[in-house]
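Please read the structure below before turning to the comments.
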Amino acid sequence: MPSEEEILDKVRGTLVDALGVDDDEVTPTATLIGDLGAESIDFLDIVFRLEKSFDIKIPRGELFPENLASADAGFVAGGKVTAEGLEELRRKMPHADVESFAKDPVLSRISDLFTVGMIVRFIAARLK
Amino acid sequence: MRWYWIDRFIEFESGKRARSVKNVSLAEEHLHDHFPGFPVMPGSLMIEGMAQTGGILLGEHFGFRYNVILAKVPKVVFHSWACPGDQLIYSAELLDAREEGGSVSVEATVGDRAVATAEIVFAHLKTDDPQFSRIDQKNFVFRMNLLDILTVGKAGSGAPAEVSGVDGRRGEAVE
């Protein structure tokens with residue numbers, strides 16, 4: 001079982017290859033979309049690379065859930081994620097820092113849940 | 001001009017690899033502008049040929065159930081030119097294939113000479129996807145007419161390209 005630091009190093013290499021960013025930009029708190037410039041299609045590329053790098057299988061939607069902001073389920077009201085929505089996020093994304101987001105759950109910030117640290121925690125849980 | 005950037009498949013192993021041929025001809029209009037007095041196959045069109053080779057390899061693996069879209073070229077390196085009279089061979093290997101999309105690595109060669117290497121990522125899109133109409137059709141690796149390439153006869157025999165290795169594995173994830 002590799003340490004979190006070792007996992008971060010491999011994740012960093014993956015993101016450098018997939019997103020063309022510099023090593024030092026890939027910090028645990030960096031957001032994939034806001035800080036590292038990832039677009040939706042990059043998530044598929046990142047999943048392919050993580051699977052190879054760590055020799056694991058990542059089923060669709062487990063690391064990067066889809067349709068997080070779907071409004072039809074009552075998860076969003078007035079531009080904010082509702083309590084039910086936050087509960088759904090905790091359930092779907094146990095590896096993300098939902099508590100920090102919950103302090104100001106503005107819908108437009110939802111993509112900030114996708115951080116480098118989130119990937120590291122997901123991989124660490126997988127390798128246990 | 002039709003959007004075919006490969007002429008024929010010469011090998012096709014379902015779910016694994018495929019090799020195609022692109023004959024570069026001075027009859028192609030763009031070579032007279034790229035560049036005047038120095039005609040070379042544009043790198044962007046080589047990427048298109050590599051994507052058509054790899055995209056059909058991926059599409060065939062899933063029985064052509066999905067629209068395969070060229071989504072991303074994470075890496076491409078050009079080593080040398082391809083000029084009129086050259087025969088480019090694109091050798092594609094399927095790296096990943098899953099419901100959401102897939103990826104291939106492709107080498108382009110002329111004889112023993114390396115011309116380009118690339119990694120290409122494809123996304124799958126179903127026709128009932130709400131995003132379908134928003135996608136520029138030019139980004140589709142193939143519409144069904146491109147599959148004509150699979151039926152182009154082999155020189156001499158006139159037989160279409162054989163797709164080998166098709167068995168119960170079709171449609172499963174690539175290990």
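The values are calculated or read from the model by the stated rules, or taken from the named source; none is laboratory data. The model shown is predicted, which means the values in this text are computed figures rather than measured ones. Reconstructed Cβ throughout: ideal geometry from the backbone, glycine too, with neighbour counts over all protein chains shown. Note: accessible area is taken over every heavy atom of the protein model, side chains too, but ligands, DNA and RNA are not part of it. Shrake-Rupley method; radii C 1.70, N 1.55, O 1.52, S 1.80 Å.
With the Cα gyration tensor of segment B:8-150 giving a ≥ b ≥ c as the square roots of its eigenvalues, does the rule (a/c under 1.5 for rounded; else a/b larger than b/c for prolate; else oblate) give rounded, prolate or oblate?
Here segment B:8-150 falls in the prolate category.
Charges at C-beta only: +1 for Lys and Arg, -1 for Asp and Glu. How large is the resulting dipole of segment A:22-70 about its Cα centre, in Debye rounded to 20?
It works out to roughly 360 debye.
Relative to the isolated chain, which residues of segment B:65-105 have their accessible area cut by 40 Å² or more in the presence of all protein chains (1.4 Å probe, heavy atoms, no ligands or nucleic acids)?
Relative to the lone chain, where solvent access is computed with a 1.4 Å probe, segment B:65-105 loses at least 40 Å² at B:K72, B:D96, B:R98, B:E100.
Based on the Cβ-Cβ distance from A:V16 to A:I56, what FRET efficiency comes out when R0 is 25 Å, to the nearest 0.05?
That gives a FRET efficiency of 0.80.
Heavy-atom accessible area per residue, chain A, 1.4 Å probe: how many Å²?
51
Going Cα to Cα from A:K80, which lysines come in below 21 Å? Please leave out same-chain ones fewer than 8 positions away.
Output for A:K80: A:K92, A:K103.
Express the carbon and sulfur contribution to the solvent-accessible surface of segment B:5-71 as a percent, rounded to the nearest whole number, probe 1.4 angstrom.
Here carbon and sulfur together make up 52 percent of the probe-accessible area.
In nm, give the distance between the simple-model label positions of A:T27 and B:E13, each being 7 Å from the Cα along the Cα-to-Cβ direction.
Distance between the two pseudo-spin positions: 4.7 nm.
Would you mind counting up the charge near A:H95? Only other residues with Cβ under 11 Å from its Cβ, with Lys and Arg at +1 and Asp and Glu at -1.
Surrounding charge for A:H95 is +2.
In terms of the Cα gyration tensor, with a ≥ b ≥ c the square roots of its eigenvalues, is segment A:4-127 rounded because a/c is under 1.5, prolate because a/b exceeds b/c, or oblate?
Prolate, because a/c is 1.5 or more and a/b exceeds b/c.
Out of B:V68, B:M50, B:V40, whose Cα points farthest toward the positive end of the dipole of segment B:1-102 (charges: +1 Lys, Arg; -1 Asp, Glu; placed on Cβ)?
Ranked along the dipole, the leading option is B:V68.
Of A:V11, A:A77, A:I46, which is farthest towards the positive pole of chain A's charge dipole, taken about the Cα centre with +1 and -1 on the beta-carbons of Lys, Arg and Asp, Glu respectively?
It is A:A77, whose Cα lies furthest towards the positive end.
Leaving out ligands, DNA and RNA, calculate the buried accessible area for the pair A and B with a 1.4 Å probe, summed over both sides, in Å² to the nearest 100.
1200
Would you list which aspartates and glutamates come within 13 Å of A:K10, measuring only between C-alpha atoms, while excluding same-chain residues fewer than 8 positions from it?
Here the aspartates and glutamates satisfying the reach criterion relative to A:K10 are A:D23, A:E51, A:D55.
Ignoring ligands, DNA and RNA, what percent of the 1.4 Å accessible area of segment A:57-127 is carbon and sulfur?
Whole-percent figure for carbon plus sulfur exposure: 53.
Separation between the B:A27 and A:S108 pseudo-spin-labels, each 7 Å from Cα along Cα→Cβ, expressed in nm?
5.6
What distance in nm lies between label points placed 7 Å from Cα along the C-beta direction at A:R126 and B:E162?
3.9
Can you give the mean number of other chain Cβ atoms that lie within 10 Å of the Cβ atoms in peptide A:7-15?
Mean partner shielding for this stretch: 0.
Let's see if you can work this out: charge +1 on each Lys and Arg Cβ, -1 on each Asp and Glu Cβ, no other charges. What is the dipole magnitude of chain A about its Cα centre, in debye to the nearest 20?
Dipole about the Cα centre, nearest 20: 520 debye.
Run the numbers on chain A and let me know its relative contact order in percent, using alpha-carbon pairs under 8 Å that are six or more apart.
Here the relative contact order equals 33 percent.
Find how much the distance from A:D9 to A:S100 grows on full extension, using 0.36 nm per residue of separation minus their present alpha carbon separation; answer in nm with one decimal.
Between A:D9 and A:S100, full extension yields 30.3 nm more.
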